[in-house]
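In what follows, a single structure is set out as structure tokens and then discussed.
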Amino acid sequence: MEINISRDLFDHEAELAVANRKLFQKMGIIVLNLLAGPGAGKTSMIRSTAPLLKQPVAVIEGDPASSIDTDLLNSLGIPAVQINTEGGCHLEAPMVSKALDEFKLEPNTLLIIENVGNLICTAGFPLGESIRVVMVGVSEGDDKPYKYPDIFQGADAVILNKIDLQPYVDFNRERFQEGVRTLRPGLPIFEVSCRTGRGLSEWSQWLERTIISLLKEG
Ligand SMILES: Nc1nc2c(ncn2[C@@H]2O[C@H](COP(=O)(O)OP(=O)(O)O)[C@@H](O)[C@H]2O)c(=O)[nH]1
Ligand SMILES: [Mg+2]
Ligand SMILES: [Zn+2]
């Protein structure tokens, strides 16, 4: 008998994600899984986006170690809970449901999960989210959609961050956009700078519209 490990793992992860999805629905919250390499600007984006949204925002931070991002967000009044994976390179659905015990979230909250900085296996571990966003900084290079297609395939939107640095790095926006478009025609790409604030209103308006339509769906 042939054992297909990757398919069995995929089925198992999908079941765990469905359980989370049901829990989120029961709580009346919308969950966004934020995927990017280390240093792309995930925490900066959460920090800049939260004040632009009408909905309350809470955050689960996934990192191999430390509570640096959680401490920062809590100090800014954005409730955050830390998951330390102790070297693990992605979050898994049960870690998220367990972390929820640490919060008291009101209905209509947007829960942002800042996943471990990693463009590879985070794509294969759904957390029950209804919005999945992939973020890349221009300093990481324009080849990311070509090298890491899986993560872009599963996204609902792409954020291209650090656009203020474009004059200083060899980043070809057309090449990046073409790579994303080839994988997923029509996928929204938001060019932003968390440093200057450029593009953040377009991104947050899209996010707000998406949250409202998901809340209506129930
Ligand atoms: N120039 C520039 N730097 C940025 C921008 N966004 C984030 N950074 C910097 O990039 C570094 C990593 O940001 P952080 O939000 O911690 O990334 P994370 O590891 O993905 O959460 C920090 O030094 C940020 O100040 C941006 O839009 N432009
Ligand atoms: Mg971070
Ligand atoms: Zn991993």
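Mind jotting down the distance between the C-alpha centroids of region 47-107 and region 169-185, whole Å? Here the answer is 30 Å between Cα centres. Spin-label model, Asn84/Ser139: points 7 Å from Cα along the beta carbon direction are separated by 2.6 nm. The gain in end-to-end length when the Glu13 to Asn74 segment is fully stretched comes to 18.9 nm, 0.36 nm per residue minus the alpha carbon separation.
I need the calculated FRET efficiency for the pair Leu52 and Asn172, taking r as the beta carbon distance and R₀ as 30 Å, to the nearest 0.05.
Working: r = 29 Å, r/R0 = 0.97.
Efficiency for this residue pair is about 0.55.
Do the alpha carbons of any pairs in Lys22/Lys104; Lys104/Lys216; Lys98/Lys216; Lys42/Lys98; Lys42/Lys216; Lys42/Lys162 sit beyond 19 Å of each other, and which pairs? Distance filter (> 19 Å) returns Lys104/Lys216; Lys98/Lys216; Lys42/Lys98; Lys42/Lys216. Taking amide hydrogens as placed 1.01 Å from N in the peptide plane, the amide H of Ala80 sits under 5 Å from those of Val59, Asn74, each at least 5 positions away in sequence or on another chain. Divided by 2.2 N^0.38 Å, where N counts the residues, the Cα radius of gyration of the chain comes to 0.99.
A short reminder: the numbers here are calculations on the coordinates, not readings from a lab. Small disclaimer: the values here were computed from a predicted structure and weren't measured. Neighbour counts are summed over all protein chains in view; Cβ atoms, including those assigned to glycine, are modelled from backbone coordinates with ideal geometry.
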